[in-house]
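The values are calculated or read from the model by the stated rules, or taken from the named source; none is laboratory data. Everything quoted here is computed from the prediction, not taken from an experiment. Here the Cβ is made from the backbone with ideal geometry for all residues, glycine too, and neighbour counts use every protein chain on show. Keep in mind that these areas ignore ligands, DNA and RNA; they rest on the heavy atoms of the full protein, side chains included. Shrake-Rupley method; radii C 1.70, N 1.55, O 1.52, S 1.80 Å.
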Amino acid sequence: MADLIIIGSGPAGLSAGITAAECGLSVLILDEYLKPGGRLLGQLYEEPGGKWWNGIEETRKLEKRAAALDLDIRLGTAVSNIEKEDGLWHVYTDRETFTAPSLLLATGAAESPVAIPGWTLPGVMSVGAAQVMTNVHRVKPGSRGVIIGVSVLSSAIAMELNIAGIDVAAIALPKMNEVNKDGANPAGVMDSLLHVSHMAPSKFVQFGSKLMQNDFMKKLGITFYPKGGVKMWGIPVMLRKAVIEICGTEQVEGVILATVTTNGQVVPGSEQRIDADFVCIAGGLYPLAELIGLTGCPFHHIDELGGYVPLHNEQMETPVDGLYVAGNITGIEGAKVAMSQGVAAALSIARNFGRQGLDDILREAVEYVGETRRKAHIQFHPEVAEGRRKMQQYWEEYEAAQERIAPEEPVVEKEVLQGV
Amino acid sequence: MTDKDMIICRCEEVTYGELVETANEYGCNARELKLRTRAGMGYCGGRTCRNMVDAVACTVTERDSKQVTLKYQPPVRPVHFGDLGAIGHD
């Protein structure tokens, strides 16, 4: 039996596994995918200063360290259920059931779809799927694509497709309806893009810095945003056009684009069809909580972190004994933050296992998470730091409530017994 | 194709029109919307449509920010009947 089971071999899970093994714990890492690295594998972008971040190389570095420590990593192993019994976690997979006293959930994030007529046609995929096909499997998702959803993530992946020689005809908004509200609002989307302008493509920055001085100018900015889009690496980024339908009989053949008002309403008569043989939908990322949702761990919905996030502290502990979290399950951020969280989680686990002398290094690791966040080139949500502050506040409220409850605990038990 | 006829839950073939109409008629939260329409109750366990069902419900109800709106149930991945039967016997 291992001391620690980690579910997810992405940047958080691998970093945690390495650190935990360095602390002398026996570690088992499980991942449903065929390769370690998680979403790190697909990443390829130029950092300010001209250095390239290549996810495949970064994964290789982590794999080497893991191999040197003889880490047990089981790939292609999907976890279907987790249960805790007599202080031990039981992890059910499609192969066998594993047990350990500590469990770290590093299950990452999932992509939200967008609701556009035709989204169920073959040839429509999430933007992350197109990234994995292109960068990991080296298979072109098609010859000419349209990306629906304008965000830092979708523009970064558009650039990656461009590098791979795949024609991206346009990046446009989804049509406005009850499902697509946020992503379909031109003014809102522009606002969120300009908040991350230090990462956003330089054309946005040039265009934005002139117009974004105040709210009035911001309104003007979206009003006068060129209908044909602003070109970025030759790809038109369209904030005033929305895809209102994906067309095709057996598979994707094209999309219908229409001009939209500043609040996302279609301008009648502005529809035009463009040809494409694949469509990527970029509805945003949300923390993948399906496994932790089975543990009874409390949740909080925090928009800045991407959705429902399990309650946790900066040491990556949850209120559930022996249960820890790291990476995008705690909120949507970049791979570097995930790695630093993995290290902090592993140090917490080792300390709680009784390893001595880890307090200082754990404190430093927690500080390093914050520092990594502040220096991040990609922020998926402009107010991510505020989201983290809210989570910390929820944790403190939880702890205070526990202290109030603690002395009464035996009384509650007695009442239950009397009831029986 | 109109929005009305667009499939949201592929497993149970529930349309956008059905979801919006049900939400408006009953003013229901995500769980009730799921139970009334079966959206999210198919073999994928709502892995694909969860956020879209949630979004429709949130147009008529306040989001419960302290509880996941659509509960997760095991198994969270498809399991072979043979394996399911074998649990506890290996």
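Remarks
- Of residues in region B:16-47 being open to solvent by 60 Å² or more (accessible area, probe 1.4 Å) and either at positive phi or touching a Pro at 6+ places or on another chain (Cβ under 8 Å) (or both), the one farthest from the other protein chains (Cβ to nearest Cβ): B:Arg38
- The criterion of at least 1 residues that are of a type in the set (D, E, K, R) and more than 12 Å from the chain's Cα centre (by Cα) is met, among helices (runs of 4 or more DSSP H) falling completely within region B:1-86, by B:16-26, B:81-86.
- Qualifying position, being open to solvent by 10 Å² or more (accessible area, probe 1.4 Å), within 14 Å of chain B (Cβ to nearest Cβ) and either over 30 Å from A:Ser26 (Cα atoms) or not hydrophobic (A, V, I, L, M, F, W, C) (or both), among A:Pro113, A:Pro101, A:Pro141: A:Pro113
- Hey, B:Gln73 open to solvent by 40 Å² or more (accessible area, probe 1.4 Å), farther than 17 Å from A:Val114 by Cβ and within 7 Å of another protein chain (Cβ to nearest Cβ) or not: no
- Exclusive hit being over 29 Å from A:Gln341 (Cα atoms), within 14 Å of chain B (Cβ to nearest Cβ), surrounded by fewer than 24 Cβ atoms within 10 Å (Cβ to Cβ) and not hydroxyl-bearing (Ser, Thr, Tyr), set A:Asn177, A:Asn162: A:Asn177
- Of the residues making up region B:37-90, those that are in contact with a helix residue (DSSP H, G or I) (Cβ under 8 Å, 6 or more places away or on another chain), among the small types (Gly, Ala, Ser) and closer than 20 Å to B:Glu25 by Cα are B:Ala39, B:Gly40, B:Ala57.
Residue-wise test of (1) assigned by TED's automatic domain parsing to the domain that holds A:Gly387; (2) open to solvent by 10 Å² or more (accessible area, probe 1.4 Å).
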| residue | (1), (2) |
| --- | --- |
| A:Val255 | no, no |
| A:Thr259 | no, yes |
| A:Asp275 | no, yes |
| A:Phe278 | no, no |
| A:Glu290 | yes, yes |
| A:Thr295 | yes, yes |
| A:Pro298 | yes, yes |
| A:His301 | yes, yes |
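- Near pairs, Cβ below 6 angstrom, 6+ apart or cross-chain, from region A:277-296 (within 11 Å of another protein chain (Cβ to nearest Cβ)) to any residue that is in a helix (DSSP H, G or I): A:Pro287/A:Asn328; A:Pro287/A:Ile329
- Helices (runs of 4 or more DSSP H) (entirely within region A:169-257) containing at least 1 residues that are modelled with pLDDT of 85 or more and farther than 18 Å from A:Leu153 by Cβ: A:186-195
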